[in-house]
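Here is the structure we will look at.
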Amino acid sequence: MNIRLFIITALLCLATSGKAEGFYSLSIGGVNVLDTYLSPEKYSGVEYRLNAESIRDSKKRALTYLMTNEIAFAHTKNRAGNATTLTGHYNFTYGVLYRWHCLDNKLTLRAGGMTEANIGFTYNQRNTSNNPAQGYASVSIGPEVTAHYRFTLWNKNMRVGYTMRMPWLGAMFSPNYGQSYYEIFNRGNYDHNVVFTSLQTFQMRQQLTLDVPVSKKVEIRVGYVSDIRQATPNNLKQHQWYNGGMIGIRW
């Protein structure tokens, strides 16, 4: 089976099996990956993301509780087209935001803090004997802001939204430069493998969406997602730059 078809099928199966309230969305776009622990080359390709977003407004206080679960898979190639990598991640975020209603409740603004946990991997198919894969794990905290504006068009109550979150402080796992996973896990040789991160580890996710109702209980979401992640732990360079289109549904 074509790997892209397999990934899309798997993501759709996971989407229909979930029970979380809110929006389920599938995003497909281009990704650029670099990890100098595996290769000095940049790899580009297509990434598929499934996102489940749940939003709950407190009735007693002007607070919003936001939770997201996201899984992603990508198949990338180097510039020469003679080497490929497989990458994937699972990302969980939970935020508590204060909200304001403006313009006769047409505009809703939210701002607050969020915590994020991320695990993932990159597998380089060319490195069959030396450093074939890299694992990722990180936790962080930072601000999150959202804005949603409701308007009427063609007798439908639509909503345009913007979300931005930016991890500021946290910690991540990374092998040191020249250190093998055998040294870390088999021999137990620790060498600054837990790295603290701050604003110099630039990360930012942005999302622009349009929600269109198709019935009283169902809305269709279309949008754009930008996710920039980069870090320089232990004299290594890592980045994953993603830009993609989104389609989703709420029922």
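When segment 121-140 is filtered for residues that are in contact (Cβ under 8 Å) with a residue 40 or more places away in the chain and either on the phi > 0 side of the Ramachandran plot or in contact with a Leu (Cβ under 7 Å, 6 or more places away or on another chain) (or both), the ones remaining, listed by number, are Thr122, Asn124, Asn127, Asn131, Gln134, Ser140. Please tell me if Tyr48 is exposed (fewer than 14 other Cβ atoms within 10 Å of the Cβ) and in a strand (DSSP E or B). No, not satisfied. Here Phe196 meets each of (1) in a strand (DSSP E or B); (2) of a type outside the set (Val, Ile, Thr); (3) at pLDDT below 95; (4) surrounded by 15 or more Cβ atoms within 10 Å (Cβ to Cβ) with one exception, condition (4). Answer with yes or no whether Asp191 is exposed (fewer than 15 other Cβ atoms within 10 Å of the Cβ) and acidic (Asp, Glu). Here the answer is yes, as Asp191 does meet what is asked.
Of the residues making up segment 227-247, those that are over 11 Å from Ile28 (Cα atoms) and either small (Gly, Ala, Ser) or over 15 Å from the mean Cα position of the chain (by Cα) (or both) number 8. Leu208 meets each of the listed conditions (1) modelled with pLDDT of 90 or more; (2) not in a strand (DSSP E or B) apart from (2).
All conditions but one from (1) assigned to a strand (DSSP E or B); (2) more than 15 Å from the chain's Cα centre (by Cα) apply to Asn189; the one that does not is (1).
Only residues that are touching a residue at least 40 places away in the same chain (Cβ under 8 Å), in contact with a Ser or Thr (Cβ under 8 Å, 6 or more places away or on another chain) and not in a strand (DSSP E or B) were counted across segment 214-237, and they come to 4.
Here is a yes/no grid of residues against (1) closer than 26 Å to Asn131 by Cα; (2) charged (D, E, K, R); (3) under 18 Å from the mean Cα position of the chain (by Cα); (4) buried (at least 19 other Cβ atoms within 10 Å of the Cβ):
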{"site": "Gly29", "(1), (2), (3), (4)": "no, no, yes, no"}
{"site": "Thr36", "(1), (2), (3), (4)": "yes, no, no, no"}
{"site": "Thr64", "(1), (2), (3), (4)": "no, no, no, yes"}
{"site": "Ala72", "(1), (2), (3), (4)": "yes, no, yes, yes"}
{"site": "Thr85", "(1), (2), (3), (4)": "yes, no, no, yes"}
{"site": "Asn91", "(1), (2), (3), (4)": "yes, no, yes, yes"}
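Restricting attention to segment 101-115, does a residue exist that is closer than 21 Å to Gly29 by Cα and either within 15 Å of the chain's Cα centre (by Cα) or of a type outside the set (Phe, Trp, Tyr) (or both)? So far as segment 101-115 goes, no, none of its residues is closer than 21 Å to Gly29 by Cα and either within 15 Å of the chain's Cα centre (by Cα) or of a type outside the set (Phe, Trp, Tyr) (or both).
Is it true that some residue in segment 93-100 is surrounded by 17 or more Cβ atoms within 10 Å (Cβ to Cβ), in contact with a Ser or Thr (Cβ under 9 Å, 6 or more places away or on another chain) and within 30 Å of Leu153 (Cα to Cα)?
Yes.
Residue count for segment 30-62, restricted to those that are closer than 18 Å to Ile247 by Cα and not β-branched (Val, Ile, Thr): 9.
Just checking, how many residues over segment 156-186 are assigned to a loop (DSSP other than H, G, I, E, B), within 30 Å of Leu66 (Cβ to Cβ) and in contact (Cβ under 8 Å) with a residue 40 or more places away in the chain? Residues meeting the conditions: 2.
The values are calculated or read from the model by the stated rules, or taken from the named source; none is laboratory data. Keep in mind that this is a model prediction, so the values were computed, not measured. Neighbour counts are summed over all protein chains in view; Cβ atoms, including those assigned to glycine, are modelled from backbone coordinates with ideal geometry.
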